[in-house]
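The values are calculated or read from the model by the stated rules, or taken from the named source; none is laboratory data. All figures in this text were calculated on a predicted structure; none of them were measured in a lab. Cβ placement follows ideal geometry from the backbone for every residue including glycine, while neighbour counts extend to all protein chains displayed. Quick note on the areas: whole protein, heavy atoms, side chains included, nothing else; ligands and nucleic acids left out. Shrake-Rupley method; radii C 1.70, N 1.55, O 1.52, S 1.80 Å.
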Amino acid sequence: MRIDSHQHFWRYSAEEYPWIQAEWPIQRDFLPDDLAPELNACGLDGCIAVQARQSLEETRWLLELAEQSPIVKGVVGWVDLCHPAVGEQLARFAVHPKLVGVRHVVQDEADDRFMCRDDFQRGIGLLAHFGLTYDILIYPRQLSAAIELARAFPKQAFVLDHLAKPLICDGVLEPWSEQIHELAKSPNVMCKLSGLVTEARWQGWRREDFQPYFDVAWSAFGPDRLMFGSDWPVALLAATYQQVFELVNDFLQSSGEQAKAKLFGLNAAKFYGL
């Protein structure tokens with residue numbers, strides 16, 4: 001199974017997706033029928049649909065899409081992990097076989113230690129009971145909290161989205177690199193090679209811009225804990241789907257076919273229980 005481990009669907013409205021700016025060319029619907037040709041062109045069999053807004057309704061809708069479209073192999077939805085009734089929310093959705101994990105948009109939280117809050121960690125503590133993973137969406141300044149979270153829940157499966165959005169545009173590696181290696185010391189954490197083109201210069205990135213960041217990810221996590229993700233359609237702000245795929249594919253050219261098989265599907269299938 002060859003899998004894109006990270007992409008999004010939405011029916012666009014300015015009210016529901018306020019983070020999509022007025023001048024961006026992604027102000028339209030993006031649905032499974034739009035993604036299918038891109039997957040086919042890259043020899044991919046399916047995808048993991050990840051939440052794009054913090055709404056129980058969106059989680060329900062994504063699961064509905066997954067029922068209708070065979071290319072959607074799993075859904076990473078949203079529940080309010082800080083809510084006293086989060087257990088009820090999880091029970092409501094976890095009965096669906098295609099709910100494989102949850103995510104919170106921690107990068108937008110004003111408190112850089114949001115993931116260390118008691119109420120948030122109470123919610124995280126319930127995920128394993130439902131067999132759910134957790135996607136960590138953060139900026140580099142929040143990596144120290146992610147390190148603490150992973151250590152506090154050694155039996156919870158975590159995956160870091162977008163390499164914590166390193167400062168590729170400015171060519172900054174430290175302290176990000178050191179903290180990525182520290183996070184990777186927790187064996188319950190995996191990492192997605194995803195969302196990097198939008199951290200570079202949108203109209204002027206070069207392949208070599210990403211090499212140092214790929215190298216850090218490989219050094220820290222190795223071939224068994226990395227997975228490819230397109231971050232489509234957000235990635236369209238800076239690259240085509242094919243370009244995003246080729247960046248990772250080219251990086252893996254010297255790593256062998258087994259490493260490619262792992263990053264382009266086997267690791268994601270194992271992590272998400274597909």
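If you take the residues in the range 210-236 that are of a type in the set (G, A, S) and farther than 28 Å from W19 by Cα, which one is most open to solvent (accessible area, probe 1.4 Å)? Break it down stepwise before answering.
From the range 210-236, those of a type in the set (G, A, S) are 217, 219-220, 222, 229-230, 235; that's our starting set.
Filter once more, keeping what is farther than 28 Å from W19 by Cα: 219-220, 222.
Details: S219: 78, A220: 18, G222: 13 Å².
Per the stated criteria, the residue is S219.
Among the residues of the range 151-176, how many are open to solvent by less than 50 Å² (accessible area, probe 1.4 Å) and either among the acidic types (D, E) or in contact (Cβ under 8 Å) with a residue 60 or more places away in the chain (or both)?
4
Is there any pair with a first residue in the range 89-104 that is touching a residue at least 60 places away in the same chain (Cβ under 8 Å) and within 10 Å of L126 (Cβ to Cβ) and a second that is acidic (D, E) and open to solvent by 20 Å² or more (accessible area, probe 1.4 Å) whose Cβ atoms are under 7 Å apart and which are 6 or more apart or on different chains, and what are they?
Every condition considered, no pair remains.
Within the range 237-248, is even one residue open to solvent by 60 Å² or more (accessible area, probe 1.4 Å) and touching a residue at least 60 places away in the same chain (Cβ under 8 Å)?
Scanning the range 237-248 turns up at least one residue that is open to solvent by 60 Å² or more (accessible area, probe 1.4 Å) and touching a residue at least 60 places away in the same chain (Cβ under 8 Å).
State the number of residues belonging to the range 122-141 that are open to solvent by less than 40 Å² (accessible area, probe 1.4 Å) and out of contact with any strand residue (DSSP E or B) (no Cβ under 9 Å at 6 or more places or on another chain). I'd like the intermediate steps shown before the answer.
The initial filter retains those residues of the range 122-141 that are open to solvent by less than 40 Å² (accessible area, probe 1.4 Å), namely 123-124, 127, 132-138, 140.
Going one step further and asking which of them are out of contact with any strand residue (DSSP E or B) (no Cβ under 9 Å at 6 or more places or on another chain), we end up with 140.
Of the residues in the range 122-141, 1 are open to solvent by less than 40 Å² (accessible area, probe 1.4 Å) and out of contact with any strand residue (DSSP E or B) (no Cβ under 9 Å at 6 or more places or on another chain).
Does any residue in the range 105-130 that is basic (K, R) come within less than 6 Å, Cβ to Cβ, of a residue that is part of a helix (DSSP H, G or I) and open to solvent by less than 50 Å² (accessible area, probe 1.4 Å) six or more places away or on a different chain, and which pairs are these?
Within 6 Å, the pairs are R113/A145.
Would you point out the residue of the range 41-80, among those that are in a loop (DSSP other than H, G, I, E, B) and among the aliphatic types (A, V, I, L, M), that is surrounded by the most Cβ atoms within 10 Å (Cβ to Cβ)?
The initial filter retains those residues of the range 41-80 that are in a loop (DSSP other than H, G, I, E, B), namely 42-45, 51-55, 69-71, 78-80.
If we keep only those that are among the aliphatic types (A, V, I, L, M) as well, we get 44, 52, 71, 79.
Numbers: L44: 22, A52: 22, I71: 19, V79: 28.
So the residue we want is V79.
Can you report the number of residues in the range 177-217 which are in contact (Cβ under 8 Å) with a residue 60 or more places away in the chain and not aliphatic (A, V, I, L, M)? Break it down stepwise before answering.
Filtering the range 177-217 for residues in contact (Cβ under 8 Å) with a residue 60 or more places away in the chain gives 190, 192-195.
Adding the requirement that they be not aliphatic (A, V, I, L, M) leaves 192, 194-195.
Residues that pass the stated criteria total 3.
Go through (1) within 20 Å of T240 (Cβ to Cβ); (2) modelled with pLDDT under 95; (3) surrounded by 14 or more Cβ atoms within 10 Å (Cβ to Cβ); (4) not hydroxyl-bearing (S, T, Y) one by one and return the number of the condition E16 breaks.
Checking E16 against (1) within 20 Å of T240 (Cβ to Cβ); (2) modelled with pLDDT under 95; (3) surrounded by 14 or more Cβ atoms within 10 Å (Cβ to Cβ); (4) not hydroxyl-bearing (S, T, Y), the one that fails is (1).
Against the definition (touching a Gly at 6+ places or on another chain (Cβ under 6 Å) and at pLDDT 95 or above), how does L167 come out, yes or no?
Numbers: touching a Gly at 6+ places or on another chain (Cβ under 6 Å): no; at pLDDT 95 or above: yes.
It is false that L167 is touching a Gly at 6+ places or on another chain (Cβ under 6 Å) and at pLDDT 95 or above.
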